[in-house]
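Accompanying notes for the structure given below.
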2 protein chains.
Amino acid sequence: MVEERVTGFAKVLVDKAAEVEEGDNVYLSAYSTEVLPLFDEVRKMIIKRGAYPHEHLIYDSQLGRAGMDYDWLTNASEEQLKNVSEAKRKELEEMDVYMSIGGRENERELNGVAPEKISLRKKAAKELSEMRSNLRWVLTRYPTDSLAQNADMPTKEFEEFVFSSVVDVDWEELERRNQEIKEIFDQADEVRIVSEGTDITMSLKDREGVSADGNHNIPDGEVFYAPVRDSLEGHIEFTYPGVKQGNEVRGVRLEFENGKVIDFSAETNEEYLREQLETDEGSKYIGELGIGTNRQIDRFVNEIGFDEKIGGTIHMALGKAFEDCMPEGEEPNDSAIHWDIVKDLRRPQGDGGKIILDGEVVQKDGEWVF
Amino acid sequence: MVEERVTGFAKVLVDKAAEVEEGDNVYLSAYSTEVLPLFDEVRKMIIKRGAYPHEHLIYDSQLGRAGMDYDWLTNASEEQLKNVSEAKRKELEEMDVYMSIGGRENERELNGVAPEKISLRKKAAKELSEMRSNLRWVLTRYPTDSLAQNADMPTKEFEEFVFSSVVDVDWEELERRNQEIKEIFDQADEVRIVSEGTDITMSLKDREGVSADGNHNIPDGEVFYAPVRDSLEGHIEFTYPGVKQGNEVRGVRLEFENGKVIDFSAETNEEYLREQLETDEGSKYIGELGIGTNRQIDRFVNEIGFDEKIGGTIHMALGKAFEDCMPEGEEPNDSAIHWDIVKDLRRPQGDGGKIILDGEVVQKDGEWVF
């Protein structure tokens, strides 16, 4: 039974998302041995497709951002952290696909590592990260003990939840629904979201949405936009905590004028929220509005890769906007951060609420009504 | 306590054997998670030396010979097995050091895989193997459950044995002793070994020995020669089984004339011995005479990397001779095999015996008397 689910999961990654073909070189990465059941199955499938796996398990210090770990970050000198590996560059040049199966043994492994070191390494490795994002890339997460604990769930239940969010989804149906949602949002000028403590508007004028339906992030299911930067007006209270690098901020409330955060508060860890907002000029603006569309993902599990996909939620990201969302000739909002926080519009999970496009209600309490 | 031993082990690998320096790129390889305690320590030490680890844990299918595993060999097509990875070639080009920490979860993992597939892959990957051997290379083995079981020992005792064979050795003293042994063998023309069922002579004329004292294989401790190919006369009975790719042959007896095996027998699995001898023309000749010199390695553990180092033993290899052992202008014996088998000259572990150089006894029952 579990084996069948693992095979199903692997097929979504290898055949649907990465579309692995004969002769492909596949960079296959994972950061713990807990993910080995899926790693092994994916690897075998890659081999069976006539392709070549290039395996990187647990450690991959020279990769850059994704290869960060405690021993490397705490023991390496500034010079070492700044170094961009020529071997890694050449290896990536030969790759067709980058696939990473997330899930560490301890999701707090980098807590307490000096943030300057992390930033330094990220910056140095930017070139390698860009090389990866120019490949057919696929990211996923395996239901480890650590992620289950993080979700306040028993591992077996979390396992079932994760497998269901990948294997039980009718991906063709999800893609079709995403397209419908994208169409009505693409045509709209103004989006308004109204809920408990929330009344916010923004413009999507000349914006096209991106349908995320199982090509890069698995599980998938969202349609996302870069709203017109200076258009946000009003205030929003998020349902779920904002979590960034192990820091949790509960009860985030933001108020906007001309697109910029002019006031904010939080129930816990407000200071961290302040620091993030003050990262740079761009971090005070919204880079993304996303609409979650995966109905198998029905609860908050404290892992943004899942939470932002919950059908019946929206999320907004402070900071950097994605290039793909911008009309030609317009620059996306730039920032060192991109921090997604989720608002649940369902009832009773959230406070209920409405999404209103140009004055017309299209979603009520998490259910589409268009 | 164990931690100290692990650190000591890592130091022998990183500082003594590989001489890792600032800026070095180190290819760091291991084939199971059981070896992680040592792998982690070695890796941290490499980072602390200002060098760059390039980690390859468990799987490394594109490496070639060392990267063989069950799923890869059984699922890959002939075309895939023949393919030499450009990414791997380029990665190896950038390396300064190759280090491998052996010890799989199951040492019989490749039993039953079609030998043709293994040969095909070895042949295809020859180029990559040669690239590795042109780096500063270091091979070692970690005391896994599987190797302990293989040695018919409890894991804790095997652990103690392995750590002792690396950490408790006075490497300077071993090097000094190796040089003395090398000197007297270098000067000798004829080596004769006499023991129960054994009276064999061979010529070392114009041959120089290689002192293996902790630069490549850890644990180390031997002096080895390529005897003059056609010079072997007489017969030898080996004490310990010959083991090759999971096949064990007990009670191997060989008889030589003009260097060539003209008769042979075995107590078990004689057929496998016959097959190996018939591999090619070179497999009927002796490529190596080695003299074990590590006194911490005091017992047979069914793993040639240890057994051939036992102080008080000699070993001979059927097949390929090493380039390093040959005088200029002479070609080493060539063969697809190099199969070391050990004779114990100690008492009571073996039958006792003598090593005689040009008529003078230099070792008696495993103890040097020169």
Cβ pairs under 6 Å, 6+ apart, first in the range B:72-96 and under 25 Å from B:Ala51 (Cα atoms), second part of a loop (DSSP other than H, G, I, E, B) and among the hydrophobic types (A, V, I, L, M, F, W, C)
B:Met95/B:Leu135
Hey, B:Glu233 hits all of (1) in contact (Cβ under 8 Å) with a residue 60 or more places away in the chain; (2) in contact with a Phe, Trp or Tyr (Cβ under 9 Å, 6 or more places away or on another chain); (3) within 21 Å of B:Asn333 (Cβ to Cβ) but one; which does it fall short on?
(1)
Condition first: out of contact with any Gly (no Cβ under 7 Å at 6 or more places or on another chain), within 12 Å of chain B (Cβ to nearest Cβ) and either without any contact (Cβ under 8 Å) to a residue 40 or more places away in the chain or farther than 26 Å from B:Asp40 by Cα (or both). Can you find one or more residues in the range A:2-24 that meet it?
yes
Restricting to the range A:11-60, count the residues that are touching a Pro at 6+ places or on another chain (Cβ under 6 Å) and of a type outside the set (A, V, I, L, M).
1
In the range A:161-187, residue farthest from A:Val301 (Cα to Cα) [restricted to those that are of a type in the set (Lys, Arg) and touching a residue at least 24 places away in the same chain (Cβ under 8 Å)]
A:Lys182
Wholly within the range A:116-205, strands (runs of 3 or more DSSP E) carrying at least 3 residues that are surrounded by 18 or more Cβ atoms within 10 Å (Cβ to Cβ), not assigned by TED's automatic domain parsing to the domain that holds A:Val252 and not basic (Lys, Arg)
A:136-141
How many residues does the range A:263-301 hold that are farther than 21 Å from A:Pro227 by Cα and free of Cβ contacts under 8 Å to residues at least 12 places away in the same chain?
3
Under 24 Å from A:Gly366 (Cα atoms) and crowded, with 24+ Cβ neighbours inside 10 Å - does that describe any residue in the range A:229-236?
yes
Given the conditions (1) over 15 Å from A:Ile236 (Cα atoms); (2) surrounded by fewer than 18 Cβ atoms within 10 Å (Cβ to Cβ), and given that A:Asp263 satisfies all but one, which numbered condition is not satisfied?
(1)
Mind checking which pairs have a first residue in the range A:302-318 that is at positive phi and a second that is part of a strand (DSSP E or B) and among the hydrophobic types (A, V, I, L, M, F, W, C), Cβ under 9 Å, 6 or more apart or different chains?
A:Asn302/A:Val243
Looking only at the range B:34-50, decide whether some residue is at pLDDT below 95, facing chain A (nearest Cβ under 9 Å) and in contact with a helix residue (DSSP H, G or I) (Cβ under 6 Å, 6 or more places away or on another chain).
no
Check on B:Gly359, small (Gly, Ala, Ser) and under 26 Å from B:Asp168 (Cα atoms)
no
Please enumerate the residues belonging to the range A:66-108 that are among the basic types (Lys, Arg), closer than 28 Å to B:Gly23 by Cβ and either facing another protein chain (nearest Cβ under 10 Å) or touching a Ser or Thr at 6+ places or on another chain (Cβ under 9 Å) (or both).
A:Lys88, A:Arg89, A:Lys90
Scan the range A:304-321 residue by residue and report those that are in a loop (DSSP other than H, G, I, E, B) and under 12 Å from the mean Cα position of the chain (by Cα).
A:Glu308, A:Lys309
Selection count where residues are buried (at least 20 other Cβ atoms within 10 Å of the Cβ) and either part of a loop (DSSP other than H, G, I, E, B) or outside the structural domain of A:Leu232 (by TED's automatic domain parsing) (or both), scope the range A:322-345
3
So A:Leu318, is it modelled with pLDDT of 95 or more, of a type outside the set (Lys, Arg), more than 26 Å from A:Gly214 (Cα to Cα) and surrounded by 21 or more Cβ atoms within 10 Å (Cβ to Cβ)
no
Modelled with pLDDT under 95, of a type in the set (Val, Ile, Thr) and surrounded by fewer than 19 Cβ atoms within 10 Å (Cβ to Cβ), is that true of A:Thr268?
no
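The values are calculated or read from the model by the stated rules, or taken from the named source; none is laboratory data. Everything numeric in this text was worked out from a predicted model, so none of it was measured. Positions of Cβ are backbone-derived with ideal geometry, glycine not excepted, and every protein chain shown enters the neighbour counts.
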